[in-house]
Ligand SMILES: *Cc1c(COP(=O)(O)O)cnc(C)c1O
Ligand code: SF4
């Protein structure tokens, strides 16, 4: 098998290295300049494996993995683009460029869905517990500080703000004790989701310090340990030939043996990510531990806004023993204008893809918007009492009572997010609106206190 004799080393490229990527040297100079402009504002990071094995350079710039990892001019609106381009052309001072980039970033809704104020729990004295998010009763998210980067960055990333060095935008914690204390006092929590960035950039020893203590009897209520990762796509060697790959496999085996569910929430956007030998070897290795790999990822223009791509990806996942889990709607942040797909179109893509696959691949839910009130799924377009409507439901909600109740929006084929939709049938409010407003007020008041 390729790569097993001498394990490849991880080699990463950022904005400074754009001129050092041989495949880019073959592209027009104007295109490299555009990439420099965009990556002055938005994070850019790619590695040798993605460049050499996932991108088909004959298809650039249309290649989906190129679009997934390399900055594109259209990601900034023309006014923002020109502002930064002019400074670079004029050879402006570093500080001036940095200030302009910062101003543009702040115009890009760096914190969608009120994440900072609405989801961060507090201790008894009201101190914010950095690195923990607790939005839905049964699931706690934890952001270990060593896992707040990724092996490469997705151009559409909704966590982009934390990768551009703005400390106040980071949500990380290095305190295993903070997590463990929180879980000890919250018996309603059954699932812990380690997320980032990508927790799989961490050394196994770090991961172990967070996870292993959860096997103690006092954490009997924690039934599932989920780890969100894109390493299966961006650096599968992590699971196969990395020096602590064995230790990671052993750790996951111990968790499974202790009777807990281990779920790798693998981020995939395209079947091309599943096609290399090393990607398949990594999947095989992880599955051999008893962990279940579930696949999720957003639907994004220029990368996967095509039912055939989703059908082939889901079918391939099932063949490899992966369970398709979520199709997400691209969030309202960062370069969303470049990547967004109207909700009605998203549903059509979902539906057409579903029609092409077997029942085993029809486990993916979606298209789902992770909005502040909850995860809202677009169930379809239909007609009720003579009115064309979009049927919706909560898959997750701030109040579990909202979950699985159908509700209806006026038909709108341009809307790309929940806040663009209006209730159908001339109603003034959503059924959950007053209650959500009350929850929101209470949370914001607590955050200010
Ligand atoms: C999606 C999500 C979860 C997990 O939801 P499931 O439907 O159980 O996968 C937990 N917390 C947050 C903030 C989420 O967005
Ligand atoms: S893997 Fe996830 S966190 Fe990392 S850049 Fe991609 S979308 Fe963002």
Margin query: Can you tell me the length gained on complete extension of the stretch residue 243 to residue 412, counting 0.36 nm per residue apart and subtracting the Cα distance?
Written below: 55.6 nm
Notebook entry, point to check: How far apart, in nm, are the 7 Å Cα→Cβ label points at residue 177 and residue 223?
Noted result: 3.2 nm
Checklist line | Ordering of 217-229, 421-433, 299-311, 192-204 by packing [mean C-beta count within 10 Å, highest first] | finding: 192-204, 299-311, 217-229, 421-433
Next item on the list: Specify the inter-centroid distance of the range 375-394 and the range 131-152, based on alpha-carbon positions, in whole Å.
Entry: 32 Å
Checklist line | Alpha-carbon gyration tensor eigenvalues x 5, square-rooted, for the range 53-206, Å | finding: 35, 20, 14
Note to self: Suppose we keep just the DSSP beta bridges with both residues in the chain; what percent of those would be antiparallel, to 5?
What the structure shows: 45 percent
Notebook entry, point to check: To the nearest 0.05, how large is the calculated FRET efficiency for residue 360 and residue 137 if R₀ is 25 Å and r is the Cβ-Cβ distance?
Noted result: 0.25
Notebook entry, point to check: Taking a ≥ b ≥ c as the square roots of the eigenvalues of the Cα gyration tensor of the range 183-328, is the shape rounded (a/c under 1.5), prolate (a/b larger than b/c) or oblate?
Noted result: prolate
Item checked: Gyration tensor (alpha-carbon) shape descriptor, the range 30-116, a/c threshold 1.5 -> oblate
Margin query: Ratio of alpha-carbon Rg to the 2.2 N^0.38 Å globular estimate for the range 308-443, to two decimals, please.
Written below: 1.11
Next item on the list: Determine the gain in length on full extension of the stretch residue 89-residue 399; use 0.36 nm per residue of separation and subtract their C-alpha separation, reporting nm with one decimal.
Entry: 106.4 nm
Check: So what's the chain giving for Cα Rg divided by 2.2 N^0.38 Å, two decimals?
Finding: 0.98
Check: For residue 277 and residue 308 in one chain, what is 0.36 nm times their gap in residues minus the Cα-Cα distance, to one decimal in nm?
Finding: 8.9 nm
Next item on the list: Obtain the nm distance between the two label points defined at residue 449 and residue 435 by a simple spin-label model: each point lies 7 Å from its Cα along the Cα-to-C-beta direction.
Entry: 2.3 nm
Check: Any idea how far apart residue 216 and residue 384 come out in nm if each label point goes 7 Å out from Cα toward Cβ?
Finding: 5.0 nm
Item checked: Packing rank of 408-418, 263-273, where each peptide gets the mean count of other beta carbons within 10 Å, highest leading -> 263-273, 408-418
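Coordinate-derived values only; no laboratory data. Fair warning: this is a prediction, and the values are worked out from it, not measured in the lab. Virtual Cβ from ideal backbone geometry, glycine too; neighbours counted across all protein chains shown.
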